[in-house]
Amino acid sequence: MATKQAHFVPQTYLRGFLFDEKKERTYAYNSRSKMITPTRIDKICSQSYLYRVKDKDGNDSDEIEEMLAKDIEPKYQGWLNTVRLGEWIDNTTIADISIFIALQHLRVPRTMDFFEETGIKFLKDVLKDELSKLLDDNARKAMMDEFKKDDPARFEKLLKENPNFTGELSKQDIQDMIDENNMKLTIDIGKNNVIRGIFEQVLPIAEKFIRRGWHIMFAPDGYEFITSDMPAFVAKRMPNGVVHFSFGGFGRLDSEIVFPMAKDVCIVISGPEYFQKTGEVTPAAVDIINRMVSSRPNLQYLISAQKSLVESYSRYLSPPQTQEYS
């Protein structure tokens with residue numbers, strides 16, 4: 001049975017950033033309160049019934065939350081342990097980690113909002129295209145004739161309820177409908193459609209990761225990676241050092257997929273061909289990753305085992321400069 005609070009960043013992941021193993025606490029900088037607090041990981045990065053949908057009979061279903069809790073999240077620690085060995089990772093484990101990273105990118109509320117906003121925009125664009133066809137006099141007349149024939153009761157009701165409606169639409173009526181300033185439409189594409197649509201994207205995105213190069217980066221002694229409430233992201237570094245973040249771009253070979261796996265290890269997926277490069281990186285490379293993590297738009301939490309790190313990186317409001325990882 002699914003719990004009321006669905007963690008969109010699973011606790012099994014957040015355990016990689018603890019300073020207190022017994023009480024399972026981490027340091028979290030809250031961008032809304034501007035405060036840094038020692039926080040139990042079960043108290044952050046969750047939302048009530050986030051993945052609850054309706055089944056085919058219209059009943060509440062927690063099948064997605066149960067699938068994540070049973071089939072995906074418990075395996076994360078094993079994958080992390082395998083990566084920490086610093087040895088060649090077999091194809092099956094690479095595929096499993098790819099699915100986890102894709103899931104972690106897609107399952108957060110901000111990505112869901114993005115999918116919903118994109119879906120609504122698409123539907124509005126389709127509607128505008130269809131309305132534009134009615135600017136033709138013959139098409140408009142044919143549509144109204146068909147309406148009168150197919151639904152006469154509704155047509156008569158419109159005439160009675162709208163004294164200014166003559167039974168015909170003018171070209172100006174159509175133009176007013178498609179005008180950006182007058183098109184005040186409320187389109188609800190439905191939580192079911194958003195959530196199920198997001199989870200349908202997991203495997204196609206994960207397959208893109210499998211075909212690209214894997215940098216397994218270990219932090220040197222005395223240095224740590226930080227994370228956030230949106231820990232897996234795609235970024236494109238421009239020649240001038242500016243970093244562009246987006247919710248897409250996985251197919252772009254010039255983008256990088258960044259995923260701090262724990263405080264001691266980070267995965268960066270890049271390049272057009274598959275390879276594995278494993279090793280300790282420089283403090284400068286850790287700093288680049290942490291600055292990228294903290295520069296993501298729309299973050300609520302920065303998360304670290306060290307209070308000083310979330311305090312330091314919470315100050316970065318601009319993307320990091322371009323540097324090579326080494």
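The values are calculated or read from the model by the stated rules, or taken from the named source; none is laboratory data. Note that the structure is a prediction, hence the values are computed from the model and not measured. Note that we place each Cβ from the backbone using ideal geometry, even for glycine, and neighbour counts take in every protein chain shown. Please note that ligands, DNA and RNA were not included when accessible areas were found on the heavy atoms of the full protein model with its side chains. Shrake-Rupley method; radii C 1.70, N 1.55, O 1.52, S 1.80 Å.
For (1) small (Gly, Ala, Ser); (2) in contact with a strand residue (DSSP E or B) (Cβ under 8 Å, 6 or more places away or on another chain); (3) modelled with pLDDT of 95 or more, each residue gets a yes or a no:
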| position | (1), (2), (3) |
| --- | --- |
| Lys4 | no, yes, no |
| Arg32 | no, no, no |
| Ser46 | yes, yes, no |
| Asp55 | no, yes, no |
| Pro74 | no, no, yes |
| Trp79 | no, no, yes |
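All but one of (1) of a type in the set (Ser, Thr, Tyr); (2) closer than 26 Å to Ser312 by Cα; (3) open to solvent by 40 Å² or more (accessible area, probe 1.4 Å); (4) outside any loop (DSSP other than H, G, I, E, B) hold for Thr82, so report the exception by its number.
The one condition Thr82 does not meet is (2).
Which residues, taken from the stretch 194-222, are farther than 30 Å from Val286 by Cβ and in a helix (DSSP H, G or I)?
If the condition is that a residue be farther than 30 Å from Val286 by Cβ and in a helix (DSSP H, G or I), then Val194, Ile195, Arg196, Gly197, Ile198, Phe199, Leu203, Pro204 are the ones that fit.
Could you please let me know if Ser98 is within 19 Å of the chain's Cα centre (by Cα), open to solvent by 30 Å² or more (accessible area, probe 1.4 Å) and of a type outside the set (Phe, Trp, Tyr)?
no
With Gly213, Gly197, Gly167, Gly190 as the choices, which residue is within 30 Å of Asp62 (Cβ to Cβ), open to solvent by less than 80 Å² (accessible area, probe 1.4 Å) and at pLDDT 75 or above?
After applying the criteria, what remains is Gly197.
Could you check, for the stretch 38-56, whether at least one of its residues is part of a loop (DSSP other than H, G, I, E, B), small (Gly, Ala, Ser) and more than 17 Å from the chain's Cα centre (by Cα)?
No: the stretch 38-56 contains no residue that is part of a loop (DSSP other than H, G, I, E, B), small (Gly, Ala, Ser) and more than 17 Å from the chain's Cα centre (by Cα).
Which of the residues that make up the stretch 19-51 are buried (at least 19 other Cβ atoms within 10 Å of the Cβ), closer than 23 Å to Lys75 by Cβ and not polar (S, T, N, Q)?
Ile41, Ile44, Cys45, Leu50, Tyr51
Inspect all residues belonging to the stretch 107-122 and state whether any of them is surrounded by 12 or more Cβ atoms within 10 Å (Cβ to Cβ) and either modelled with pLDDT of 95 or more or over 21 Å from the mean Cα position of the chain (by Cα) (or both).
no
Filter the stretch 250-282 for residues that are under 29 Å from Thr26 (Cβ atoms) and not in a strand (DSSP E or B); which is modelled with the lowest pLDDT?
This residue is Phe250.
Please go through (1) within 21 Å of Gly222 (Cβ to Cβ); (2) open to solvent by 20 Å² or more (accessible area, probe 1.4 Å); (3) outside any helix (DSSP H, G or I); (4) modelled with pLDDT of 90 or more for Ser308 and return the number of the only condition it doesn't satisfy.
Going through (1) within 21 Å of Gly222 (Cβ to Cβ); (2) open to solvent by 20 Å² or more (accessible area, probe 1.4 Å); (3) outside any helix (DSSP H, G or I); (4) modelled with pLDDT of 90 or more one by one, Ser308 breaks only (3).
Of everything in the stretch 58-79, what is open to solvent by 40 Å² or more (accessible area, probe 1.4 Å) and outside any helix (DSSP H, G or I)? Give them in sequence order.
Within the stretch 58-79, Gly58, Asn59, Asp60 meet the criteria.
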